[in-house]
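Chemist: One structure, pasted below without further comment.
The values are calculated or read from the model by the stated rules, or taken from the named source; none is laboratory data. If you're wondering where the values come from, they're calculated on a predicted model, not measured in any experiment. Note that we place each Cβ from the backbone using ideal geometry, even for glycine, and neighbour counts take in every protein chain shown.
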Amino acid sequence: MRLSTVTAAARELTSTQPAVSQQLKSLERNLSTVLFTRRGRNLQPTAAALEYYAQVAPLLEKMAGYSEQLRADQQGGRRVNIVANCGLAHFWLLPMLERIRRDLPQLVINVTLSDGADADFDNALLLGFGRLQQPLQRTLFVEQVCAISSVEFAAIQGLNSHSALREIVDQPLIHMDESDSRWLNWQQWFAANKLAYPEPKNVTLLGNYHSVISAVQQSKGLALGWSCLIQDMLQDDQLIQVSESIVTREEYGYFIKSSSAPSSGETLVYQYLVEAAAQKLTLPD
């Protein structure tokens, strides 16, 4: 129908002219219908062929598309690209990566770190931070934030998990670059606790959350700790919570987002990470 000659059809099919002619005759016998008449070197479709083609062509195109998708899943679907928020990647995803590879050995996992609010995640899973319940999102962790320090710094300053907020407001405070409004900052944290926070002073701003935690571990001051990221360090006594206050913002948190047509490999990893997040939330205090 498209190419008008048996020879051209045979070339596209990487077959031979006699083989295609034989297949065409077999189809006509099966349908008890003449599909083409010869006009010079070209084939002219009959009215029956035109009607038949209009009905079956969409089905054939669908079948070809499904077949191509299956081939892609089997050949290229082994590679799963993950674009992950730096903090979540460093403190949650990367420590779990060896276990993912052990449990899903058929996949090749490629992780890219990005704190961009609008990270490009075509053909990838996005593990980001921001407002929750956007299209295609699944919540991993709702934002819960407490004040943390190293055990050594807390001992020197006489701080513990029961310290009053007024005891920490004048301490050296560490935070990320405040140009990104998605992140809860110290001023907002104190305001949520109904404590007046004077003009920010003695505050060190660092470029990413990994640097913030590193500075805290070096006893440089206090920082805000996102519970899902620092939970293991609190349990291992690498860090300590100072004050009992935990500020929760239900509308913010960490999420996972998939493309509109995820591959089979992406679907496996997506489900794995959602289940891993749910298990972490049920860990004992």
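Matching residues to (1) without any contact (Cβ under 8 Å) to a residue 24 or more places away in the chain; (2) farther than 30 Å from VAL80 by Cβ; (3) not in a loop (DSSP other than H, G, I, E, B):
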| residue | (1), (2), (3) |
| --- | --- |
| ASP115 | no, no, no |
| ASP180 | no, no, no |
| LEU184 | no, yes, no |
| ALA191 | yes, yes, yes |
| ALA196 | yes, yes, no |
| LEU205 | no, yes, yes |
| ILE213 | no, no, yes |
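Chemist: Residue pairs, Cβ under 9 Å, 6 or more apart or interchain, first in the range 28-44 and at negative phi, second among the acidic types (Asp, Glu) and at pLDDT 90 or above. List them.
Modeler: Within 9 Å, the pairs are VAL34/GLU28; LEU35/GLU28; PHE36/GLU28.
Chemist: Out of (1) surrounded by fewer than 17 Cβ atoms within 10 Å (Cβ to Cβ); (2) modelled with pLDDT of 90 or more; (3) within 18 Å of the chain's Cα centre (by Cα), what's the single condition that is false for ILE100?
Modeler: Here ILE100 clears every test but (1).
Chemist: Hey, another quick one. What are the residues in the range 127-144 that are within 20 Å of ASP236 (Cβ to Cβ) and surrounded by fewer than 20 Cβ atoms within 10 Å (Cβ to Cβ), if any?
Modeler: GLN144
Chemist: Right, another one. Out of all the residues in the range 145-168, which are outside any helix (DSSP H, G or I) and crowded, with 17+ Cβ neighbours inside 10 Å?
Modeler: Hits for the range 145-168 are VAL145, CYS146, ALA147, ILE148, SER149, SER150, LEU159, SER163, ILE168.
Chemist: Another question, then. Have a look at ALA261, ALA215 and point out the one that is hydrophobic (A, V, I, L, M, F, W, C) and not assigned by TED's automatic domain parsing to the domain that holds ASN193.
Modeler: ALA261
Chemist: Kindly indicate whether TYR209 is buried (at least 20 other Cβ atoms within 10 Å of the Cβ) and either more than 21 Å from GLY128 (Cα to Cα) or not assigned by TED's automatic domain parsing to the domain that holds LEU125 (or both).
Modeler: yes
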